[in-house]
Amino acid sequence: MKFLINNNKYNILALARRIGYHPHRNGKSFSRRLEGGEFPRFHIYNKETKDGIEFSLHLDQKGACHKGQTAHSGDYDGGILEVEKERIINLLKD
């Protein structure tokens with residue numbers, strides 16, 4: 001799920017922290033756990049554009065099945081992602 005936030009008050013790291021996300025181990029994205037374990041978790045990629053910050057959000061249900069692979073079980077749309085999108089938008093309203 002992709003969406004745009006017209007908010008240039010924060011750099012991407014500060015913005016991620018403000019919405020409760022932490023740097024992901026790949027160093028290119030951010031995640032937020034839903035429960036105590038590693039999965040499920042929300043996973044976002046951000047990039048700055050001339051219009052604001054673009055979010056690419058999905059829900060990782062579990063990790064890759066084979067060592068060295070990046071493919072995983074993830075959801076890219078649905079109700080839980082809509083709720084998370086609205087949560088993020090509301091947290092960034094000033």
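Details
- Output for segment 15-65, where each listed residue is among the hydroxyl-bearing types (Ser, Thr, Tyr), out of contact with any Pro (no Cβ under 9 Å at 6 or more places or on another chain) and free of Cβ contacts under 8 Å to residues at least 40 places away in the same chain: Tyr21, Tyr45
- Residue among His43, His24 that is surrounded by 13 or more Cβ atoms within 10 Å (Cβ to Cβ) and modelled with pLDDT under 90: His24
- Within segment 50-83, being in a strand (DSSP E or B) and at pLDDT below 70 holds for one residue alone: Ser73.
- Qualifying positions in segment 1-13 - surrounded by 12 or more Cβ atoms within 10 Å (Cβ to Cβ) and closer than 20 Å to Tyr76 by Cβ: Met1, Phe3, Ile5
- Flag for Ala16 being surrounded by fewer than 16 Cβ atoms within 10 Å (Cβ to Cβ), at pLDDT below 95 and not in a strand (DSSP E or B): no
- Scoring Ile89 on the criteria (1) assigned to a loop (DSSP other than H, G, I, E, B); (2) at pLDDT 90 or above leaves a single failure, condition (1).
- Restricting segment 30-59 to residues that are within 14 Å of Asp75 (Cβ to Cβ) and aliphatic (A, V, I, L, M), the residue that is farthest from the chain's Cα centre (by Cα): Leu34
The values are calculated or read from the model by the stated rules, or taken from the named source; none is laboratory data. Note that this is a predicted model, so its numbers are computed, not measured. All Cβ positions, glycine included, derive from the backbone under ideal geometry; neighbour counts span all protein chains shown.
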